[in-house]
Amino acid sequence: MALTPSMPEALRWLRQAMSDLQAAHNDIRHCCPNWVLFKVHQALEKALVAAVLCRGEAFEGHGGLMRVAQRLEEEEPELKGLVLDVQRLHDHGMDAKATQYPSYHPFPMTPSEAFPSVDEEEILKQAQKVLMTLKNYVGRK
């Protein structure tokens, strides 16, 4: 489903991204790092959608977060470093599937057991940086 590009729609997606990040923050130190990582993924995905929509482009949703980040960075010099930041988060386990589905892990491990050494506070700090970059970008459009 393509989203209609407009600044009000971009701001709506950005508001939800910020809410998702707050939800991730609320889960810190509650024995579920997979949910922190998942909610960070959701927040980042929505912030990237907002950045695309504010450019007057429809968002088709193909290619994943890295693909969207690469395209934005290539076309917007002020977003230099976005791909590296998204990659860092991904390297720490930020993912929509591996954080939720047991089939992404060796049996008998579950997602709730798969991320015991994640530094949740550092993940949130990095995610906050990326979201602020994208929020500022949207705000300048």
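At a glance:
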quantity	calculated
Residues of segment 115-138 satisfying the condition of being among the small types (Gly, Ala, Ser) and at pLDDT 95 or above	Ala127
Tally of residues being free of Cβ contacts under 8 Å to residues at least 40 places away in the same chain and either basic (Lys, Arg) or more than 21 Å from Asp91 (Cβ to Cβ) (or both) across segment 1-30	9
Pick from segment 114-141, criterion more than 17 Å from the chain's Cα centre (by Cα) and not aliphatic (A, V, I, L, M), ranking: least open to solvent (accessible area, probe 1.4 Å)	Phe115
Extreme residue, farthest from Met132 (Cα to Cα), among residues of segment 19-57 that are in contact with a Pro (Cβ under 6 Å, 6 or more places away or on another chain) and either crowded, with 19+ Cβ neighbours inside 10 Å or β-branched (Val, Ile, Thr) (or both)	Asn34
All positions within segment 67-114 that are part of a loop (DSSP other than H, G, I, E, B), of a type in the set (Val, Ile, Thr) and either without any contact (Cβ under 8 Å) to a residue 24 or more places away in the chain or closer than 21 Å to Arg55 by Cα (or both)	Thr110
When residues of segment 75-102 are limited to those that are of a type in the set (Asp, Glu) and out of contact with any His (no Cβ under 7 Å at 6 or more places or on another chain), the one nearest to Phe38 (Cα to Cα)	Asp91
Single match in Pro106, Pro111, Pro102 (criterion: surrounded by 20 or more Cβ atoms within 10 Å (Cβ to Cβ) and either within 18 Å of Asp20 (Cα to Cα) or of a type outside the set (A, V, I, L, M, F, W, C) (or both))	Pro111
Residue tally, condition in a loop (DSSP other than H, G, I, E, B) and farther than 14 Å from Val40 by Cα, over segment 116-140	2
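The values are calculated or read from the model by the stated rules, or taken from the named source; none is laboratory data. If you're wondering where the values come from, they're calculated on a predicted model, not measured in any experiment. Because the Cβ atoms are built from the backbone with ideal geometry, glycine has one as well, and the counts that use them run over all protein chains shown. Areas reflect the complete protein model, heavy atoms only, side chains present, ligands, DNA and RNA absent. Shrake-Rupley method; radii C 1.70, N 1.55, O 1.52, S 1.80 Å.
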